[in-house]
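This report refers to the structure that appears directly beneath it.
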Amino acid sequence: MTHLLAYIYENFSRSEATGLNCLIFLALHRETTVLYQRQTMGFSEVPSQVIQWCDQLEGDDLLEVAKQITLNLLEVKVSAEAMDS
């Protein structure tokens with residue numbers, strides 16, 4: 001999970017991270033895979049390798065990834081707003 005999060009933080013734009021989070025939450029809600037949600041929603045900007053890593057995680061670990069992505073997105077936004085002030 002740590003490797004996955006590090007990869008996301010280093011390589012994903014804000015919109016890509018948000019898209020991945022959407023796919024994760026949909027997969028958890030609908031009890032499907034992240035891959036299935038990617039195919040259904042057409043979020044092709046999320047790399048296949050990341051989707052595979054997500055689908056290898058258990059439900060609670062996948063939820064933890066989504067939580068950490070959300071926290072990171074919020075931290076980046078708050079930091080950007082603080083710099084603008």
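The values are calculated or read from the model by the stated rules, or taken from the named source; none is laboratory data. The structure presented is a predicted model; accordingly, all values stated were derived computationally and were not measured. Cβ atoms come from the backbone with ideal geometry, glycine included; neighbour counts cover every protein chain shown.
List of remarks:
- Residue list for segment 64-85, restricted to those being under 15 Å from Ile8 (Cα atoms) and free of Cβ contacts under 8 Å to residues at least 40 places away in the same chain: Lys67, Leu71, Leu74, Glu75
- Selection over segment 51-85 of residues that are exposed (fewer than 14 other Cβ atoms within 10 Å of the Cβ) and closer than 14 Å to Ala17 by Cα gives a count of 6.
- Some residue of segment 55-76 being basic (Lys, Arg) and either touching a Leu at 6+ places or on another chain (Cβ under 8 Å) or more than 15 Å from Phe25 (Cβ to Cβ) (or both): no
- Segment 6-50 - residue that is exposed (fewer than 15 other Cβ atoms within 10 Å of the Cβ) and among the aliphatic types (A, V, I, L, M) and, of those, modelled with the lowest pLDDT: Met41
- Taking first residues from segment 28-41 that are under 10 Å from Asp55 (Cβ atoms) and partners that are of a type in the set (Asp, Glu) and surrounded by 13 or more Cβ atoms within 10 Å (Cβ to Cβ), the Cβ contacts under 8 Å between residues at least 6 apart in sequence or on separate chains come to Thr33/Asp55; Val34/Asp55; Leu35/Asp55.
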